[in-house]
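Structure first, then comments.
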Amino acid sequence: MSGRPVAIVGGVTTKFGVRSATWSELVQEVGAALFRAVPELRADEVDSLFVGAAEPERFAFQSHVAPLAAEQLGLKPYRILQRNELACASGQSAIRSAYAAIASGLSDVAVVVGVEKMNLPSMAEANSAMGCVMDRPWDGPAGATAPPFFAMVAQRHMLEFGTTAEQLAAVSEKNHRFANTNPTAQFHEKTFSRDKLLRLPIIAPPLRLGDCSSMTDGAAAVVLTSDEHARQFTDSPAWIRGSGQFSGFHNLAHAGSLTEWTGLTRAAREALGRAGIGIGDLDLAEVHDCFSISEIVEYEALGLCPPGEGGRFAADGRGDIGGDLVVNPRGGLLGCGHPLGATGVAQAVEVFQQFSSTVPAARQVPDPEWALVHNLSGSANVHSVMVYQRGRAA
Amino acid sequence: MSSEPRARRTSASVIASSPKPSETHPTEVPAAAPATKPVEKRPFLLDFFPLETPDQTRLHRFYERLREGRLSTTRCPRDGELHWPPRTACPTCRTEELEWVDLPEHGHVYAFSAVLVGAPLGMEAEVPFAVGLVDLDGVPLRLFGRIEGRPWTELRVGEPVRTEAYDIGDGRMFYRFRTTD
């Protein structure tokens with residue numbers, strides 16, 4: 001890797017769900033929690049702020065959100081202040097920018113906040129906001145939002161490989177079960193057996209309600225710094241060792257094979273290559289299960305199993321505790337909900353907490369060293385991957 | 001039915017050309033298919049349908065040709081690349097001198113689903129509706145769109161469909177697919 005080593009040295013997540021709180025109130029809440037969780041953090045040494053926020057213009061009728069967030073947090077950044085938008089991957093995009101800023105020496109201590117307020121009085125308006133993620137004047141008028149697109153992925157995967165609804169439910173059951181260990185998860189208190197999942201109503205055939213992540217309000221925040229300062233904050237920094245992204249298309253006409261996500265393969269190869277490890281070295285992965293079928297295709301694109309065998313990988317529990325590696329111990333987007341800008345940051349918080357052994361035992365990965373975080377955005381047209389290594393006590 | 005993109009009337013410039021109705025074009029319909037229901041005027045920022053007039057878009061010919069019943073796109077005369085959606089500059093050689101070609105009327109469903117809940121604003125009354133990716137016959141294009149005709153419960157992958165231009169109810173045109181039986 002070029003540049004200075006960069007680590008996440010602390011982080012926190014608000015309660016995810018249908019929150020009785022505004023966009024700004026969610027930012028204040030995560031800021032207060034961050035300074036409680038990272039008592040070594042001093043506001044005047046935070047030189048930069050990166051805000052992952054996908055659609056505040058649509059969901060909160062608010063632009064120019066980076067300085068607004070700074071004010072809510074009680075910060076006055078003096079080096080870099082920016083908002084990152086990459087739809088469902090906005091949070092990871094903000095972390096990547098902070099990483100680049102610190103690696104280059106432009107920033108020494110940066111805060112990343114990811115936030116989204118998605119539940120509105122009119123959910124049709126919220127659904128319209130989701131539709132804007134697509135190529136709006138062309139695919140939008142037909143009614144293109146995420147569920148019908150990922151439903152087509154599921155349909156093709158079932159057709160080409162014989163993947164079953166039961167295998168989709170295996171992904172959802174695992175992630176909801178992990179969410180039962182995570183008090184910040186939207187569905188922390190709800191249990192979903194595979195049978196129950198298979199009886200939920202169809203949202204976009206063949207996907208049922210339990211195959212889909214939800215519209216969620218929430219925020220998450222992390223602190224990043226360089227190797228010069230990391231030990232001031234923690235004995236177990238999560239070092240960023242690799243990063244990769246790939247943007248293959250935007251209009252749905254160019255999606256190509258719906259079941260072969262080559263963009264993820266390329267982004268992961270870039271990130272793992274920079275980290276100098278292979279997929280088999282990972283102890284856990286936080287991947288973008290916006291839909292149950294997404295996690296199945298991601299197993300394959302990451303090379304955890306051969307193409308077409310992702311459904312079996314799920315049903316056999318190979319992404320579960322005791323499997324090949326633990327996938328989505330946080331509870332995933334299915335169990336935690338998916339506040340667009342917050343998701344990628346909350347995944348990084350999980351990695352930090354897994355490395356520092358501060359998650360409940362039921363989802364603690366034993367002695368993890370390597371973790372991968374993946375976000376897709378839009379119609380899986382963009383894939384973003386980061387690889388983390390656990391730092392050891394000096 | 002032709003399986004090749006028709007390029008009988010092409011224009012050297014997307015911007016300067018004007019629409020010229022055809023009397024014989026195979027995909028022409030006598031009048032635009034009637035809208036499913038009138039679309040109420042919505043503020044632009046809440047409206048998925050594009051602004052189609054020459055003062056708003058350099059691709060206004062696309063919509064003018066839709067009114068003639070012709071679903072068309074641009075092609076690069078230099079490298080022959082057929083675009084979707086239509087463009088004002090070729091993404092490969094970057095020329096801005098593109099030509100209009102009509103697209104095949106027939107295609108087959110590659111994948112489909114349906115919106116049963118969670119429709120965007122203005123589409124709630126249309127639920128349930130089917131959407132899908134359609135391989136157009138004879139050209140390397142797979143278009144996404146609404147599928148009208150038989151309900152989603154009776155669709156299948158490989159289903160033959162045809163393209164259809166329609167008036168959305170406020171003077172604007174759009175395209176969709178319809179089952180052939």
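Below is a table of values for the structure above.
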| read-out | value |
| --- | --- |
| Test: residue in the stretch B:114-122 that is assigned to a strand (DSSP E or B) and within 10 Å of another protein chain (Cβ to nearest Cβ) | yes |
| Any helices (runs of 4 or more DSSP H) falling wholly within the stretch A:88-149 and containing at least 1 residues that are more than 24 Å from the chain's Cα centre (by Cα), away from chain B (no Cβ under 14 Å) and over 18 Å from A:ALA255 (Cα atoms) | A:90-104 |
| Scan of the stretch A:7-51 for residues that are free of Cβ contacts under 8 Å to residues at least 60 places away in the same chain and polar (S, T, N, Q), ordered by number | A:SER20, A:SER24, A:GLN28 |
| Some residue of the stretch A:196-204 being touching a Lys or Arg at 6+ places or on another chain (Cβ under 9 Å) and under 30 Å from A:THR22 (Cβ atoms) | no |
| Residue match in the stretch A:295-304 (condition: out of contact with any Leu (no Cβ under 9 Å at 6 or more places or on another chain) and over 19 Å from A:GLY280 (Cβ atoms)) | no |
| Pair list, Cβ < 6 Å and 6+ apart or interchain, from the stretch B:135-157 residues that are within 10 Å of chain A (Cβ to nearest Cβ) to residues that are of a type in the set (Ser, Thr, Tyr) and surrounded by 19 or more Cβ atoms within 10 Å (Cβ to Cβ) | B:ARG142/B:TYR110 |
| Answer residue from the stretch A:150-174, given it is small (Gly, Ala, Ser), assigned to a helix (DSSP H, G or I) and more than 7 Å from chain B (Cβ to nearest Cβ) and is nearest to A:ARG312 (Cα to Cα) among those | A:ALA170 |
| Residues within the stretch A:266-300 that are in a helix (DSSP H, G or I), of a type outside the set (D, E, K, R) and more than 17 Å from the chain's Cα centre (by Cα), tallied | 5 |
| Residue within the stretch A:363-372 that is free of Cβ contacts under 8 Å to residues at least 60 places away in the same chain and touching a Ser or Thr at 6+ places or on another chain (Cβ under 8 Å) present | yes |
| Single residue of the stretch B:88-107 satisfying the filter (without any contact (Cβ under 8 Å) to a residue 60 or more places away in the chain and within 14 Å of chain A (Cβ to nearest Cβ)) that is nearest to A:ALA144 (Cα to Cα) | B:PRO91 |
| Filtered residue count, the stretch B:83-102, keeping only those that are under 20 Å from B:ILE168 (Cβ atoms) and surrounded by 23 or more Cβ atoms within 10 Å (Cβ to Cβ) | 0 |
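Every residue, every condition in (1) in contact with a helix residue (DSSP H, G or I) (Cβ under 8 Å, 6 or more places away or on another chain); (2) surrounded by fewer than 20 Cβ atoms within 10 Å (Cβ to Cβ), yes or no:
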site	(1), (2)
A:ALA7	yes, no
A:THR14	yes, no
A:ALA43	yes, yes
A:PHE61	no, yes
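Quick note: the coordinates plus some simple rules give every number you see, no bench work behind them. The model shown is predicted, which means the values in this text are computed figures rather than measured ones. FYI the Cβ positions are ideal-geometry reconstructions off the backbone, even for glycines, and counts take in every protein chain you see.
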